[in-house]
Amino acid sequence: MTEQNRKYLEERLTFWNQITKEEQEILIQNTAVVKYTQGQNIYDAQQECIGVLLIKSGELRTYILSEEGKEVTLYRLSDDDVCILSASCILKNITFDVHVDAEKDTEILLINSSVFSALSQKNIYVEAFSLRLTADRFSDVMWAMEQILFMSFDRRLAIFLLDEMAKMGMDTLPFTHEQIAKYVGSAREVVSRMLKYFAKEGMVELSRGSIKIIDRQKLKKLL
């Protein structure tokens, strides 16, 4: 492992100073650099527990899939985030199947699941780290479910557009209607219909493969 990756590991694992030098070395020896290409499936119900993912760069999407093939996005993770549901074997009470895809070309540090699990079982700081990450991710899941179950679609779409605008720091969002449908848990036709309404009302401007926010205040009034 390079010195840069070792330092990154130390910074992202908040329990680093609460484990022994020997345990630190075991973690280092059982962490690999892995690269995924855009669109690649990283984890699903058919795969073995792959481990804990530390995202150096890129973006991952975690979602559930119905028997009819409908995808519901639970949350998305980007630079410096940690994905622990990919190591669901560590979390004994996880009883639903999740899928993880690379939304962009992504580079991660992958910590071996069995090594991380063994460390978590004997070190309360590692266990606390795991539980805190799980709580954060389930907070994201509950927010996604709340939007789908209780919010009107125009409000959900407005929230998505404003959140992405704030995250990216620009008013032109490089998303297709199909991508947005996956992110907000709806059908492409529904997204297209609502975006056309937003455009008619002067809130957005639609182009092939992108949406430009032209009246943020009007969008905010939908919240």
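The values are calculated or read from the model by the stated rules, or taken from the named source; none is laboratory data. Note that the coordinates shown come from a computational prediction; the quantities given were computed from them, not determined experimentally. Here Cβ is always computed from backbone atoms with ideal geometry, including for glycine, and neighbour counts include all displayed protein chains. Just the protein is used for accessible areas: all its heavy atoms, side chains included, with ligands, DNA and RNA removed. Shrake-Rupley method; radii C 1.70, N 1.55, O 1.52, S 1.80 Å.
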Summing Lys, Arg as +1 and Asp, Glu as -1, what charge do residues with Cβ under 12 Å from the Cβ of Glu189 carry, Glu189 excluded? +2
Strictly over 27 Å apart at the Cα level, which of Lys56/Lys218; Lys104/Lys221; Lys104/Lys200; Lys200/Lys220 would you flag in this model? Lys56/Lys218; Lys104/Lys221; Lys104/Lys200
Between region 57-74 and region 1-52, what is the C-alpha centre distance in whole Å? 23
Relative to the first principal axis of the alpha-carbon coordinates of the chain, what is the inclination of helix 188-200, with its axis defined by its Cα atoms, in degrees from 0 to 90 and to the nearest 10? 50
With label points built 7 Å along Cα→Cβ from the Cα atoms of Ala32 and Lys70, find their separation and express it in nm. 3.7
For region 1-48, with equal point scatterers placed on the C-alpha atoms only and solvent neglected, what are the log10 I(q)/I(0) values from the Debye formula at q = 0.19, 0.21, 0.23 1/Å, to two decimals? -0.76, -0.83, -0.89
The correct ranking of Tyr36, Tyr125 by accessible area at 1.4 Å, largest first, is Tyr125, Tyr36
Using alpha carbons only, how many degrees (0 to 90, rounded to 10) separate the axis of helix 113-122 from the longest principal axis of the chain? 70
The answer for the net charge of residues other than Ala158 whose Cβ lies under 13 angstrom from its Cβ, with Lys and Arg +1 and Asp and Glu -1, is +1
Whether region 115-223 is rounded, prolate or oblate, judged on the alpha carbon gyration tensor where a/c under 1.5 counts as rounded: prolate
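Evaluate E = 1/(1 + (r/R0)^6) for Ser139 and Ala166, where r is the Cβ-Cβ distance and R0 equals 30 Å; express this FRET efficiency to the nearest 0.05.
It comes out at approximately 0.95.
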Using alpha-carbon coordinates, inclination of helix 153-168 to the longest axis of the chain, degrees: 60
Comparing Ala32, Ala102, Ala118, which has the greatest mean-square fluctuation in the GNM of the chain with Cα pairs linked when under 10 Å apart? Ala118
Would you mind working out the magnitude of the charge dipole of region 116-180 relative to its Cα centre, with +1 at each Lys and Arg C-beta and -1 at each Asp and Glu C-beta, to the nearest 20 Debye? 300
With a 1.4 Å probe and all protein chains left in place, how much of the accessible area of the chain comes from carbon and sulfur atoms, in whole percent? 47
Under a 1.4 Å probe, what is the accessible area of the chain per residue, stated in Å²? 54
Only loop residues by DSSP count here, and only those with at most 12 other Cβ atoms within 10 Å; note down the trypsin sites (Lys or Arg not before Pro) in region 171-223 that meet that. Arg208, Lys221
Cross-link reach list, aspartates and glutamates versus Lys7, counting only Cα pairs under 15 Å and skipping chain neighbours closer than eight places: Glu25, Asp80
Extension gain Gln40-Met1, at 0.36 nm per residue separation less the Cα-Cα distance, in nm? 11.6 nm
For the chain, compute the orientation-averaged projected area of the C-alpha convex hull (one quarter of its surface), in nm². 13.2
In whole angstrom, and with the biggest value first, how far do the Cα coordinates of region 1-80 range along each principal axis? 49, 22, 19
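Within region 154-205, list the GluC sites (Glu not before Pro) lying in a DSSP loop whose Cβ has at most 14 other Cβ atoms in a 10 Å radius.
Glu201
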When the charge dipole of region 102-168 is computed with +1 on Lys and Arg Cβ and -1 on Asp and Glu Cβ about the Cα centre, the Cα farthest towards its positive end, among Met142, Phe129, Leu162, belongs to Phe129
